[in-house]
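A.B. asks: Could you have a look at this structure, given as structure tokens, before my questions?
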Amino acid sequence: MKGVNHFLVVFAFLALASTLASASDPSSLMDFCVALNGPKNAGMHSYFVNGKFCKDPKLATADDFFFSGLDKAGNTSNAVGSKVTPVNADQIPGLNTLGISLVRTDYAPYGGLNPPHSHPRGTEILVVIKGELYVGFVTSNPDNRFFTKVLKTGDVFVFPVGLIHFQLNIGKTDAIAFAGLSSQNPGVIIIANAVFDSNPPINPGVLTKAFKLEKKVAEYLQTQF
Ligand SMILES: *[C@@H]1O[C@H](CO)[C@@H](O)[C@H](O)[C@H]1NC(C)=O
């Protein structure tokens, strides 16, 4: 009986370990897997795998691992006053299967906002290069604890995978941050867009009840994104 119990404990541990291991991108079985973009390279039909198809490694070049242009500011002339420039496996095909990516975010002076959003597949580590940002994230139910900080040039903050977070420029100048993410394709869910600008729209009755709004306010919000 004792042997059986030990077996069960080990089995439970291994099951837990494999669950934890699969919480990030799958690990590589090769040095790299430079992505072939688009179905045109995949034969007559479009195939989807958990990632992208690999180029023959013999045909890979340094350019497959290269991106240029993160010195350029994103255009922040938009409703929220921020612009994210991503560098993920879509921009650098050599990132495919490597479990990491990068963004540059620019924030307009006086209130440029990277609005509340989450990355379903990636933890984010952000460093401020210029300016002053009010940042934070909120934990899951039931606590919904808010972790927040004001960051200045050189400061670093972490947003754990999946949690809703934001950055707001509270300075008089533009602000710049770079961030690494623990997925080649971390994904972005911008809360306001997902809720009020889904395609097709969510029935306003759902939003009215969920957000404790008058129906006309819910309908108004659905026209604003
Ligand atoms: C920035 O975006 C705005 C709004 O789309 C546009 O009018 C403007 O020309 C853009 N500026 C640059 C430098 O691209």
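The values are calculated or read from the model by the stated rules, or taken from the named source; none is laboratory data. Computed from a predicted model, the values in this text were never measured in an experiment. Every residue, glycine as well, gets a Cβ built from its backbone with ideal geometry; the counts of neighbours run over all protein chains shown.
A.B. asks: Does Phe147 qualify as being among the aromatic types (Phe, Trp, Tyr), crowded, with 18+ Cβ neighbours inside 10 Å and under 30 Å from Leu98 (Cβ atoms)?
C.D. replies: The answer is no for Phe147.
A.B. asks: Are there any strands (runs of 3 or more DSSP E) wholly within region 84-134 with 1 or more residues that are surrounded by fewer than 17 Cβ atoms within 10 Å (Cβ to Cβ) and under 16 Å from the mean Cα position of the chain (by Cα), and if so which?
C.D. replies: Qualifying strands (runs of 3 or more DSSP E): 113-118, 124-130.
A.B. asks: Now, a different point. Which members of region 171-225 meet the condition of being part of a loop (DSSP other than H, G, I, E, B) and hydrophobic (A, V, I, L, M, F, W, C)?
C.D. replies: Within region 171-225, the first condition is being part of a loop (DSSP other than H, G, I, E, B), and the residues that meet it are 171-174, 182-188, 197-203, 211-214, 222-225.
If the condition is that a residue be part of a loop (DSSP other than H, G, I, E, B) and hydrophobic (A, V, I, L, M, F, W, C), then Val188, Ile202, Phe211, Leu213, Phe225 are the ones that fit.
A.B. asks: Look at Lys40 and say whether it is charged (D, E, K, R), at pLDDT below 95 and crowded, with 18+ Cβ neighbours inside 10 Å.
C.D. replies: It is false that Lys40 is charged (D, E, K, R), at pLDDT below 95 and crowded, with 18+ Cβ neighbours inside 10 Å.
A.B. asks: Could I ask something else about it? If the requirement is being within 24 Å of Ala89 (Cβ to Cβ) and at pLDDT below 95, which of these qualifies: Asn185, Asn114?
C.D. replies: Asn185
A.B. asks: I'd like the full set of residues that are among the aromatic types (Phe, Trp, Tyr) and out of contact with any Ser or Thr (no Cβ under 8 Å at 6 or more places or on another chain), limited to region 147-177.
C.D. replies: Phe157, Phe166
A.B. asks: Is one or more of the residues making up region 11-25 under 30 Å from Val135 (Cα atoms), away from the ligand (no atom under 16 Å from the Cβ), surrounded by fewer than 17 Cβ atoms within 10 Å (Cβ to Cβ) and at pLDDT 85 or above?
C.D. replies: no
A.B. asks: So which residues in region 60-83 are free of Cβ contacts under 8 Å to residues at least 24 places away in the same chain, more than 16 Å from the ligand (Cβ to nearest atom) and not in a loop (DSSP other than H, G, I, E, B), if there are any at all?
C.D. replies: Once the filter is applied, which keeps residues that are free of Cβ contacts under 8 Å to residues at least 24 places away in the same chain, more than 16 Å from the ligand (Cβ to nearest atom) and not in a loop (DSSP other than H, G, I, E, B), region 60-83 yields Ala62, Asp63.
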